[in-house]
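**Q** This is the structure, below, for whatever I ask next.
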Amino acid sequence: MKTYAAQIQVETRGKGTYCLTGEVERVLKDSGVRQGTVTVFVKHTSASLVLMENADPTARRDLEEFFERLVPEDTEYFIHTYEGPDDMPSHIRMALTRSSEVIPVIRGTMALGTWQGIYLFEHRRAPHVRNCVVMVMGEE
């Protein structure tokens, strides 16, 4: 079994979803793996990963708005606010989503559904550089 790892960086412009599908596809292609899995892991506690609708951006906007309402900023009982009012909400939003995703690889292609894409979900207002590890395992 072959393993291949790479890191990708995502420069965010603040809160929102940022497509990683193309970068992960490039890592998969570089790996030479034809059958196996690709795992994507975000190395942060205030950003997460989601598999989401990739055709209509309003689906992602609705997801973002849902999380704004589910975990609002300036919640009076939050103690962890050292980095501002979006500090604790960003950690909760990350905990409610995922820090990694595993996608099957079949014939050298990720087996995503027709309308699925891999997205980094930035939970902080300010721009950040986010680091993700992509690990590919399988057979050539």
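**Q** Can we say Thr17 is part of a loop (DSSP other than H, G, I, E, B), under 17 Å from Arg98 (Cβ atoms) and touching a helix residue (DSSP H, G or I) at 6+ places or on another chain (Cβ under 7 Å)? I'd like the intermediate steps shown before the answer.
**A** Details: part of a loop (DSSP other than H, G, I, E, B): no; under 17 Å from Arg98 (Cβ atoms): yes; touching a helix residue (DSSP H, G or I) at 6+ places or on another chain (Cβ under 7 Å): yes.
Considered against the rule, which asks whether it is part of a loop (DSSP other than H, G, I, E, B), under 17 Å from Arg98 (Cβ atoms) and touching a helix residue (DSSP H, G or I) at 6+ places or on another chain (Cβ under 7 Å), Thr17 comes out as no.
**Q** Here's a follow-up. Looking at region 23-53, which of the residues that are within 13 Å of the chain's Cα centre (by Cα) and of a type in the set (S, T, N, Q) is nearest to His128 (Cα to Cα)?
**A** Residue satisfying both the conditions and the ranking: Ser46.
**Q** I need a count of the residues in region 99-116 that are within 20 Å of Gln7 (Cβ to Cβ) and crowded, with 16+ Cβ neighbours inside 10 Å. Outline the logic, then answer.
**A** Step one: filter region 99-116 for residues within 20 Å of Gln7 (Cβ to Cβ), giving 99-103, 105, 110.
Now drop any that are not crowded, with 16+ Cβ neighbours inside 10 Å, which leaves 99, 101, 103, 105, 110.
Looking only at that region, the number is 5.
**Q** Filter region 48-92 down to residues that are in a helix (DSSP H, G or I) and among the small types (Gly, Ala, Ser) and give me whichever is farthest from Ile118 (Cα to Cα). If you could, list the steps in order and put the result at the bottom.
**A** Residues of region 48-92 in a helix (DSSP H, G or I): 57-70, 87-92.
Going one step further and asking which of them are among the small types (Gly, Ala, Ser), we end up with 59, 90.
Values: Ala59: 14, Ser90: 19 Å.
Across region 48-92, the extreme among qualifying residues is Ser90.
**Q** Moving to a separate point now. Restricting to region 99-125, and then to whatever is part of a strand (DSSP E or B) and among the charged types (D, E, K, R), can you tell me which residue is nearest to Val33 (Cα to Cα)?
**A** Glu101
**Q** Here is a further query. Within the bounds of region 32-42, is there any residue that is outside any strand (DSSP E or B) and farther than 24 Å from Gly113 by Cβ? First the steps, then the outcome.
**A** The initial filter retains those residues of region 32-42 that are outside any strand (DSSP E or B), namely 32-34.
Filter again for farther than 24 Å from Gly113 by Cβ, leaving 32.
There is at least one residue in region 32-42 that is outside any strand (DSSP E or B) and farther than 24 Å from Gly113 by Cβ.
Every number here is computed from the coordinates shown, using simple stated rules; none is lab data. Just so we're clear, the structure is a prediction, and the values are computed from it rather than from any experiment. So basically every Cβ, Gly included, is an ideal-geometry build from the backbone, and we count neighbours across all protein chains shown.
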